[in-house]
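Engineer: Pasting a structure below so you can have a look.
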Amino acid sequence: MDLSFTPDQQAFRAELRAFLNENLPARLSDKVRRGLRLTKQDYEDWHAILNARGWLGVNWPVEHGGTGWDAVQRHIFEEETTAAHAPRIVPFGIAMLGPVLMAFGNDAQKAHYLPRILNGDDWWCQGYSEPGAGSDLANVQTTAMRDGDHYVVNGQKTWTTLGQHANMIFCLVRTSKEGKKQEGISFLLIDMNTPGVEVRPIVLIDGEPEVNEVWFSDVRVPVENLVGEENKGWTYAKYLLTHERTNIAGVGFARAGLSALKRIAGEQMDGGKPLIQNPFFAAKVAQVEIDLMAMATTNLRTIAAAAAGQAPGAESSMLKVKGTVIRQTINALTRQAVGPYAAPFVSEALDEGSNVEPVGPEAAMPATQAYFNNRKLSIYGGSNEVQRQIISKAILEL
Amino acid sequence: MDFRLTDERQMLQDSLRRYLTDTVTPDGIAAATDGEAGFDRTVWDGLVEMGVPAALFPEEQGGFGGAGFDLMVVFEELGRAGLPAPLLETVLVGSLASSEDLIAGQVATLAHAEPSSRYDLSHVETRAEQADGAYQLTGRKAVVPYASATETLLVSARLNDKIALFQVQPDAVQMRDYPLNGGGRASEIMLDGAAAQLVQEDAMDALHTAFARATAAQCAEALGLMEAIKALTVDYLRNRKQFGQPIGKFQALQHRMADVLIEIEQARSAVINLCGHLDGPERDLHVSATKNLIGRTAKLVVEESIQMHGGIGMTQEYALGHLAKRLTMVDHRFGDADHHLERFIRLAAA
Ligand SMILES: Cc1cc2nc3c(=O)[nH]c(=O)nc-3n(C[C@H](O)[C@H](O)[C@H](O)COP(=O)(O)OP(=O)(O)OC[C@H]3O[C@@H](n4cnc5c(N)ncnc54)[C@H](O)[C@@H]3O)c2cc1C
């Protein structure tokens, strides 16, 4: 047993830190720290900065323009970027589609799409879920019928995160109604500017239009946009989900959240003293911190196994459940900390440069919003119930 | 022992439920929250016509109710409907000053909490000064519900080391008005030597009573919200199909929904406890016991109901969102679960 990072890893951390110091614009880290609204441009700016250094393809091999980092390095990157309040890397192109194309795409697709992801030419979104296909993803009903050298796509996707920014969507579509449900699914890349694609925003409970419905009516998609083989999409989708679940523990986000919580609870007064000195409150903060310390090591154990070449398996389900519960607990405590000022909702105050002052402490409204918004953590990417189901089948063999 | 409602209260509950079911809509609530008053005047006028404010006060104050269980019946229904309205303010103000105008439908509010008072009722920095027999108030009041729509504005302030209560003309103060999570509006109030009329010189006991009554009402409202959320969620579990069956057939969800039901029944008992002791010697112990339990249960009900709905539970458009936010905000007024846990320990040891 050795809990320390190697000298190389420590040097890597120092290099990252220096880079962030120099290159992460204060404008962006300030927005992230204060919980202000990030624009499409903000994400694109940050992607471009990382890409210029060759560090955008965090989970990509060098041959495709990625970093070639191992699991530990990726973990250190996550720790350092979240601690520095960098925007997150938008996952759909980099973390999700990239690995699928590398594994299953043809040469032309790789040569065309991968550089465009890195250069920010395409903004991808994920078209998996449908109204009737959530946890039961294999139930997708959006159809793609072959017509000469095109597929004609009809149906509806939903919950499409940041689809309003996207020009491309990767979709699970039904190409066959025969056999098992899983066997008639294909993985199709669709240009959202094609006639017949319509994007409608869905406003979430925090008031933000974060997700969308995407409708397809007779959308003609060239056959060369099929990834891999027809009716093999389920295999690729599952492969993608294992990538979606790397870094699923969200330790970096939890740490950033915990330090914000402590700062806020140090500023809020309660009976003449800072709230953080209230034993009832302090006990809850301490408990979640203790959970997080153990979680960080659970995470590292999985990462070490992955770095040693083991494919992430059902362990990532463990990380998903515990990691999201910890983050949600921190969100709930932060909401509690801001007290009566959790109630005011002045949406305009979240825009950069807004001349609308926040009501009460600046941290208050973002705290309430984050609490509501992060209820999603235990719903998406395979709900926590689905993860527990996986654990009981794959690990416990029940 | 008898846990049934009296005939009068049963009638009030029935007609109130019918009225609110017919008149309150999610769009109406959203529009009112974005509007000037923060509540729907038409619905309010209907409530007044039905005698709802009168049910909150005893006969000697011109009403026909005023007991804990009257508050419970009224506010549970308001909660079920998820209706934002200045009726908690009616309870507060009516127990501190005259209730006559309130019974006739006047909108009134109490400005007591301040930017750094959190949930401490005795933390008042606003000062009252007397000059030539008149009073002037200077200070700041925080998150005052419906202040921009109020006709009567009660303000607490320090006068000779005591906390006194004043009436101030709403146009004699500066207000910053804003919408609230869960609907309704509130204001930050700036008093800069505002002319005031003395209502009560040593008002701390009266404030405690007012807040006890309002907390009971608010807990009943929370209970109604929980019932509405439970109904929505059970309905969803029955109708939403995944893997070829209603998700309510999955035991993992069945057990959690059963726990939610158990906790909501506990919440009902806690509200009954408080309403039954509202005029008794153990009032404050029950205020804190119930507010603590309601705070904990609200969090459970909100989080479980959103989770069991999946994505749809995260949307603003679906009815759950508004109810869940409104229920969450209950823990941010009149003291959160921790505040009342601490107070309960103190009171129980005394
Ligand atoms: C904010 C947000 C962003 C999202 N972004 C995207 C995106 O970009 N692209 C995309 O494709 N999708 C996205 N999703 C969709 C997400 O993956 C689904 O919401 C998720 O798969 C759950 O599906 P559902 O919402 O239909 O819930 P349902 O599957 O209907 O589940 C409802 C409840 O039933 C439970 N349940 C279901 N099956 C079982 C079972 N067998 N046993 C026990 N419990 C069960 C669930 O855990 C949940 O609690 C997003 C969702 C959210 C909330």
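Derivation of every value follows stated rules applied to the coordinates shown; laboratory data play no part. Note that the structure is a prediction, hence the values are computed from the model and not measured. Every residue, glycine among them, receives a Cβ derived from its backbone with ideal geometry; neighbour counts consider all protein chains shown.
Engineer: Can you compute the charge dipole magnitude of the range B:144-263 about its Cα centre, using +1 on each Lys and Arg Cβ and -1 on each Asp and Glu Cβ, nothing else charged? Give it in debye, rounded to the nearest 20.
Structural biologist: Numbers: 11 positive and 14 negative charges, 199 e Å.
I would put it at about 960 debye.
Engineer: Taking 2.2 N^0.38 Å as the expected size of a compact globular protein, what ratio does the Cα radius of gyration of the protein assembly as shown give against it, to two decimals? Intermediate results must be reported in sequence, preceding the final value.
Structural biologist: Numbers: Rg = 28.2 Å, N = 748, 2.2 N^0.38 = 27.2 Å.
The value comes to 1.04.
Engineer: Further question: Work out from phi, with θ = phi - 60° and the Karplus expression 6.51 cos²θ - 1.76 cosθ + 1.60, the ³J(HN,Hα) of each residue of the range B:229-245, listed in order in whole Hz, and give x for Gly and Pro.
Structural biologist: My calculation for the range B:229-245 gives 5, 4, 4, 4, 5, 4, 4, 5, 4, 6, 9, 6, 10, 9, 6, x, 8 Hz in order.
Engineer: When we measure straight from the Cα of residue A:177, which lysines land under 19 angstrom away, once same-chain ones fewer than 8 places off are left out?
Structural biologist: A:157, A:232
Engineer: Name the long-range amide H neighbours of residue A:106: under 5 Å, sequence gap of 5 or more, or other chain; modelled H, no Pro or chain starts.
Structural biologist: Here A:228 satisfy the definition.
Engineer: Rounded if a/c is under 1.5, else prolate if a/b beats b/c, else oblate: with a ≥ b ≥ c from the C-alpha gyration tensor eigenvalues square-rooted, which is the range A:124-232? Let's see the in-between values first.
Structural biologist: Details: a/c = 2.23, a/b = 1.41, b/c = 1.58.
Note, shape of the range A:124-232 comes out oblate.
Engineer: Using the Cα centre as the reference, give the magnitude of the dipole from point charges on the C-beta atoms of the range B:206-349 (Lys, Arg: +1; Asp, Glu: -1; all else neutral), rounded to the nearest 20 debye. All intermediate terms of the calculation are to be shown ahead of the outcome.
Structural biologist: Details: 17 positive and 16 negative charges, 63 e Å.
Value, rounded to 20: 300 debye.
Engineer: The range B:1-48: which chymotrypsin sites (Phe, Trp or Tyr not before Pro) are DSSP loop and have at most 11 other beta-carbon atoms within 10 angstrom? Numbers along the way, then the final one.
Structural biologist: Details: sites: B:3, B:19, B:39, B:44; in loops: B:3, B:39.
Answer in residue order: B:3.
Engineer: What residue among B:136, B:204, B:214 has its Cα farthest toward the positive end of the dipole of the range B:98-222, where the charges are +1 on Lys, Arg and -1 on Asp, Glu, each on the Cβ?
Structural biologist: Ranked along the dipole, the leading option is B:214.
Engineer: For a label point 7 angstrom out from the Cα of residue A:224 toward its Cβ, which stretches of the range A:88-119 have the backbone nitrogen within less than 16 Å?
Structural biologist: Residues A:105-116 fall inside that zone.
Engineer: Still on this structure, I have one more. Would you list A:235, B:42 from fewest to most Cβ contacts within 10 Å? The partial results should precede the final answer.
Structural biologist: Working: A:235 17, B:42 11.
Final ranking by Cβ density, sparse to dense: B:42, A:235.
Engineer: I've got another one for you. Once amide H atoms are placed 1.01 Å from N in the peptide plane, what residues at a sequence separation of 5 or more from residue A:270, or on another chain, have their amide H within under 5 Å of its amide H?
Structural biologist: Correct list: A:275.
Engineer: Under the Kirkwood approximation applied to all pairs of distinct alpha-carbon atoms, what is the hydrodynamic radius of the range B:157-298 in Å? Before the final figure, lay out the partial values.
Structural biologist: Numbers: mean 1/r = 0.0531 Å⁻¹.
Computed over the range B:157-298, the radius equals 18.8 Å.
Engineer: Please compute the average number of Cβ atoms from other chains found within 10 Å of each residue's Cβ in peptide A:353-362.
Structural biologist: Numbers: counts 0, 0, 0, 1, 2, 1, 10, 5, 2, 0.
Whole-number average of other-chain Cβ neighbours for A:353-362 is 2.
Engineer: Mind sorting B:259, A:206 by how few other Cβ atoms lie within 10 Å of their own Cβ, fewest first? Provide the component values of the computation, followed by the final result.
Structural biologist: Working: B:259 12, A:206 25.
Fewest-to-most ranking of B:259, A:206: B:259, A:206.
Engineer: Ignoring solvent entirely, what values of log10 I(q)/I(0) come out of the Debye formula for chain A at 0.09 Å⁻¹ when each Cα is a single scatterer?
Structural biologist: -0.58
Engineer: What spacing in nm lies between the two simple spin-label points modelled at residue B:266 and residue A:283, each 7 Å away from Cα in the Cβ direction?
Structural biologist: Between residue B:266 and residue A:283, the simple spin-label model gives 1.6 nm.
Engineer: Now for a different question. From the square roots a ≥ b ≥ c of the eigenvalues of the alpha-carbon gyration tensor of the range A:215-304, which class results: rounded (a/c under 1.5), prolate (a/b over b/c), or oblate?
Structural biologist: Working: a/c = 5.48, a/b = 2.47, b/c = 2.22.
Prolate, because a/c is 1.5 or more and a/b exceeds b/c.
Engineer: Now for a separate question. Per-residue Cβ counts within 10 Å, from other chains only, averaged over B:139-146: what number is that?
Structural biologist: Numbers: counts 0, 0, 0, 6, 8, 0, 1, 0.
Rounded to a whole number, the mean comes out at 2.
Engineer: Exactly which trypsin sites (Lys or Arg not before Pro) in the range A:165-267 are in a DSSP loop and have at most 10 other Cβ atoms within 10 Å? Please report the intermediate quantities before stating the final value.
Structural biologist: Working: sites: A:174, A:177, A:180, A:181, A:220, A:232, A:238, A:245, A:255, A:262, A:263; in loops: A:177, A:180, A:232, A:245.
Of the trypsin sites (Lys or Arg not before Pro), the ones in loops of the range A:165-267 whose Cβ has at most 10 other Cβ atoms within 10 Å are A:177, A:180.
Engineer: If you take the charge dipole of chain A about its Cα centre, with +1 on Lys and Arg Cβ and -1 on Asp and Glu Cβ, which of A:43, A:90, A:346 is farthest toward its positive end?
Structural biologist: A:346
Engineer: While we're here: With a 10 Å radius around each residue's Cβ, average the other Cβ atoms per peptide and rank A:90-96, A:198-204, highest first.
Structural biologist: On the way: A:90-96: 23.0, A:198-204: 16.7.
So the order, starting with the most tightly packed, is A:90-96, A:198-204.
Engineer: What shape does the range A:196-267 have by the C-alpha gyration tensor, where a ≥ b ≥ c are the square roots of the eigenvalues, rounded means a/c under 1.5, and otherwise prolate means a/b greater than b/c and oblate the rest?
Structural biologist: Working: a/c = 5.19, a/b = 1.75, b/c = 2.97.
Because a/c hits 1.5 or more and a/b fails to exceed b/c, the range A:196-267 counts as oblate.
Engineer: In peptide B:302-309, how many Cβ atoms from other protein chains are near each Cβ within 10 Å, on average? Could you put the intermediate results ahead of the total?
Structural biologist: On the way: counts 4, 5, 0, 0, 6, 7, 3, 2.
Mean inter-chain Cβ contacts per residue within 10 Å come to 3.
Engineer: Could you name the lysines in cross-link range of residue A:322, using Cα to Cα under 24 Å and dropping any fewer than eight places away on the same chain?
Structural biologist: Candidates past the 8-residue exclusion: A:238, A:262, A:284, A:376, A:393, B:299.
Engineer: Can you work out the Karplus-derived ³J(HN,Hα) for every residue in the range A:151-165? Use 6.51 cos²θ - 1.76 cosθ + 1.60 with θ = phi - 60°, whole Hz, and x for glycine or proline.
Structural biologist: Result, ordered by residue: 9, 10, 9, 9, x, 9, 9, 8, 6, 6, 5, 6, x, 5, 8 Hz.
Engineer: Something else about it: Per-residue HN-Hα couplings for the range A:25-32, Karplus 6.51 cos²θ - 1.76 cosθ + 1.60 at θ = phi - 60°, whole Hz, x for Gly and Pro?
Structural biologist: Running phi through 6.51 cos²θ - 1.76 cosθ + 1.60 with θ = phi - 60° gives x, 4, 4, 6, 5, 5, 5, 5 Hz.
Engineer: Sequence neighbours fewer than 8 away in the same chain don't count; with that in mind, list the aspartates and glutamates whose C-alpha is under 17 Å from residue B:162.
Structural biologist: Filter leaves B:114, B:120, B:125, B:129, B:201, B:202, B:205.
Engineer: Next question. If one takes the longest principal axis of the Cα atoms in chain A, at what angle in degrees, from 0 to 90 and to the nearest 10, does the Cα axis of helix A:251-267 lie?
Structural biologist: 30
Engineer: Could you please rank A:197, B:302, placing first whichever residue has the fewest other Cβ atoms within 10 Å of its Cβ?
Structural biologist: Numbers: A:197 17, B:302 27.
Taking fewest neighbouring Cβ atoms as first place, the list is A:197, B:302.
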